[in-house]
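Read the structure below first, then the notes.
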Amino acid sequence: MFSRMLYGGDYNPNQWGKEVWKEDMRIFRDARINSATVNVFSWSKIQPAEDVYDFSELDEIVDMLSAEGYDIVLATATGAMPAWMVTRYPETARVDFEGRRHRFGGRHNACPHSPVFQKYAARLAEKLAERYGSNPHIACWHISNEYGGECYCPECEQQFRLWLRRKYKTLDALNDAWNMEFWGHLVYSWDEIVVPNALGDAIGREKTAFAGLSIDYRRFMSDSILENFKMERDAIRRYDKTTPITTNLMGTYKGLDYFKWAKEMDIVSWDNYPAYNTPWSYTAMRHDLMRGLKDAPFMLMEQTPSQQNWQPFNSLKRPGQMRAQSWQTVAHGANTIQFFQLRRSRGACEKFHGAVIAHVGTEDTRVFREVAQLGRELEAMGDTLLDAKNPAKVGIIFDWDNYWALEYTSGPNVELKYVDQIHRYYKYFYERNIPVDMIPVDADFSKYSMVVAPVLYMVKDGMAEALEKFVSDGGTLVTTFMSGIVGQSDNVHLGGYPGPLRRLCGIWAEEIDALAPEQSNAVKFADGGEHKCGLLCDLVHLEGAESLGSYAADFYAGYPAVTRNAFGKGAAYYVATQLEADGLAVVMDRASGEAGIKPVIDEPTKLEVTRRSGKNGDFYFVMNLGGEEQPLPSRFAGKTDILTGKTAPSVLKTWDTVIIKG
């Protein structure tokens with residue numbers, strides 16, 4: 001898709017006088033920057049009035065970058081409406097959760113169903129493609145920016161009713177799906193349906209009286225905003241049939257079903273902004289999720305070279321940390337490294353967001369020197385790693401319907417969070433350098449020896465059968481408490497938990513105990529070990545499964561807490577409580593051992609070791625992301641670090657990275 005690893009980022013020369021542009025080109029050249037993302041928020045500049053377009057400045061920017069040999073990521077500038085549009089057509093602005101119509105301001109500020117917004121956004125994308133689509137330096141189209149948010153306006157409400165009519169066909173089906181007999185909420189006309197905001201059945205932003213309604217509105221809004229993306233994509237395709245088209249996603253962002261979105265994107269791109277205390281395993285998980293959306297390498301569209309400005313504590317990246325973070329990104333499947341931003345803004349809310357060129361305006365900074373070092377390394381790599389894969393035999397299911405449904409649920413424990421549960425299991429594999437794919441519920445499970453499905457709360461039609469086939473054919477499944485509870489409309493699968501997974505798991509969970517943060521229990525394993533647990537405890541009865549560990553305390557002491565059920569040629573493990581890491585390792589060691597899962601290297605190490613494999617061979621990324629020096633695994637002793645061309649050091653200091661061809 002690209003001929004080289006793109007290295008650059010968001011560039012806003014329109015915020016600066018032209019005397020700065022030439023100096024920027026010189027400085028960027030020293031950093032080996034070879035790409036620039038432009039025109040992200042330039043709608044008001046390009047279209048200063050309803051019937052006026054002015055591309056003169058963008059022409060100069062594109063001509064300058066083309067002459068310098070840049071790969072240009074050209075944005076459509078539709079991430080924020082111009083003032084004239086909201087002033088003349090106030091209905092284009094969103095209505096928020098509290099029912100307030102917004103005025104001009106902010107970004108992501110357009111109602112996705114506004115005909116006026118759709119008209120002018122599509123027209124702008126088409127004009128850009130007509131003007132620049134034949135330029136060979138346009139390497140990628142970037143539609144809008146960080147799609148998100150929601151609208152609750154009358155137009156969205158009307159479109160939601162139409163969406164529901166297409167889905168349910170009849171009001172009887174809708175009333176049944178949403179269980180509207182509850183509280184006497186039956187509706188007898190489509191026009192009686194109201195959006196689930198603060199004026200309706202929502203209970204705050206994160207809870208709801210009718211989860212079926214709120215989950216459907218999540219689906220509807222994700223689909224609606226996706227239609228905006230497709231609208232601009234199709235407008236571009238009228239003039240440019242081949243250049244890849246993307247939009248920048250945001251990792252585990254809750255609002256949009258990214259697996260659905262990825263089907264409409266040529267390549268996935270995303271923005272990575274970990275906080276000062278974000279675990280490296282969490283960042284790695286989100287990279288793997290972005291790679292998993294299309295089961296293909298991705299673009300890193302944004303990261304900061306130094307610090308964010310919008311988090312509670314915006315710490316500097318320590319010397320070497322940005323480089324290590326960047327190579328971790330490449331290790332997990334990135335074909336680009338791009339920054340927000342290339343030159344630091346002089347005003348407004350992002351003036352303290354880090355940049356390649358700081359406010360001092362020169363290259364004489366620590367951050368620039370690190371950017372230049374990374375640039376030289378990426379340039380030397382050429383196309384060596386482009387499109388290399390990350391082979392894995394473990395798949396972890398991530399599903400936005402489950403994300404929404406689990407966190408809308410009233411009970412049993414407010415501390416239960418979907419992504420946290422996924423990360424607990426991902427972290428087990430990360431710490432052992434076992435590669436993982438993040439997969440959707442409709443993935444081809446046969447590609448994997450082991451599938452892990454934490455809190456698979458919503459089991460939709462066909463999912464149980466697919467998992468049963470996977471296990472019956474010899475696969476190993478691990479699932480947990482709060483799995484198999486509801487169907488696609490959040491109505492409980494009657495007949496006992498875990499519903500459709502009951503036969504596969506060989507257990508019945510009669511009750512679910514919620515433990516407050518100060519409460520805990522423990523699990524005693526067959527080997528005599530005892531490990532702390534908390535959050536939730538299922539009271540499990542065996543129905544063919546064997547108990548691997550039981551609760552140590554409370555009235556359900558002795559009840560199974562971890563089970564294994566032989567099913568066909570494989571086995572299903574059920575973890576009925578939230579085990580602390582050491583206890584979880586006991587279970588996962590057994591399950592992964594049974595599945596024949598192996599780490600990237602056999603030697604235990606506290607270093608992250610990741611492998612990408614492609615036409616140029618296997619490449620091992622060995623990274624010290626911890627706080628102490630670590631010895632290089634003996635497997636790599638005496639091998640050449642292709643980043644330096646020298647023998648890899650025997651000890652890696654904090655933030656050191658080596659890449660070794662295997």
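Inside the stretch 380-487, counting only strands (runs of 3 or more DSSP E) that do not spill past its ends, which hold 3 or more residues that are out of contact with any Pro (no Cβ under 9 Å at 6 or more places or on another chain)? Before you say what the answer is, go through the steps one by one.
Working: elements: 394-397, 436-439, 450-453, 476-480.
In the stretch 380-487, 436-439, 450-453 are the strands (runs of 3 or more DSSP E) which contain 3 or more residues that are out of contact with any Pro (no Cβ under 9 Å at 6 or more places or on another chain).
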Here the residues within the stretch 215-232 that are among the basic types (Lys, Arg) and surrounded by fewer than 20 Cβ atoms within 10 Å (Cβ to Cβ) are Arg219, Lys230
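Can you say whether Gln307 is assigned to a helix (DSSP H, G or I) and either β-branched (Val, Ile, Thr) or not assigned by TED's automatic domain parsing to the domain that holds Tyr428 (or both), as far as the supplied structure shows?
Values: assigned to a helix (DSSP H, G or I): no; either β-branched (Val, Ile, Thr) or not assigned by TED's automatic domain parsing to the domain that holds Tyr428 (or both): yes.
Criteria not met by Gln307.
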Check on Glu91, out of contact with any Leu (no Cβ under 9 Å at 6 or more places or on another chain) and modelled with pLDDT of 95 or more:
yes
Report yes if some residue within the stretch 262-285 is part of a helix (DSSP H, G or I) and within 29 Å of Ala122 (Cβ to Cβ); otherwise report no.
yes
Residue that is nearest to Met290 (Cα to Cα), among those in the stretch 323-363 that are small (Gly, Ala, Ser) and outside any loop (DSSP other than H, G, I, E, B):
Ala334
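Do you know which residues across the stretch 616-653 are within 27 Å of the chain's Cα centre (by Cα), outside any strand (DSSP E or B) and surrounded by fewer than 19 Cβ atoms within 10 Å (Cβ to Cβ)? Steps first, answer last, please.
Narrowing the stretch 616-653 to residues within 27 Å of the chain's Cα centre (by Cα): 618-627.
When the remaining residues are screened for being outside any strand (DSSP E or B), the result is 624-627.
Scanning the stretch 616-653 gives Gly626, Gly627.
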Checklist (1) charged (D, E, K, R); (2) farther than 18 Å from Leu406 by Cβ; (3) in contact with a helix residue (DSSP H, G or I) (Cβ under 8 Å, 6 or more places away or on another chain) applied to Lys207, failing item
(2)
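Can you confirm whether Gln519 is farther than 25 Å from Asp554 by Cβ, among the polar types (S, T, N, Q) and out of contact with any Ser or Thr (no Cβ under 8 Å at 6 or more places or on another chain)?
Numbers: farther than 25 Å from Asp554 by Cβ: no; among the polar types (S, T, N, Q): yes; out of contact with any Ser or Thr (no Cβ under 8 Å at 6 or more places or on another chain): yes.
No.
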Yes or no: the stretch 252-259 includes at least one residue that is crowded, with 19+ Cβ neighbours inside 10 Å and either without any contact (Cβ under 8 Å) to a residue 60 or more places away in the chain or assigned to a helix (DSSP H, G or I) (or both).
yes
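The values are calculated or read from the model by the stated rules, or taken from the named source; none is laboratory data. These numbers come from a predicted model, not from an experiment. Every residue, glycine as well, gets a Cβ built from its backbone with ideal geometry; the counts of neighbours run over all protein chains shown.
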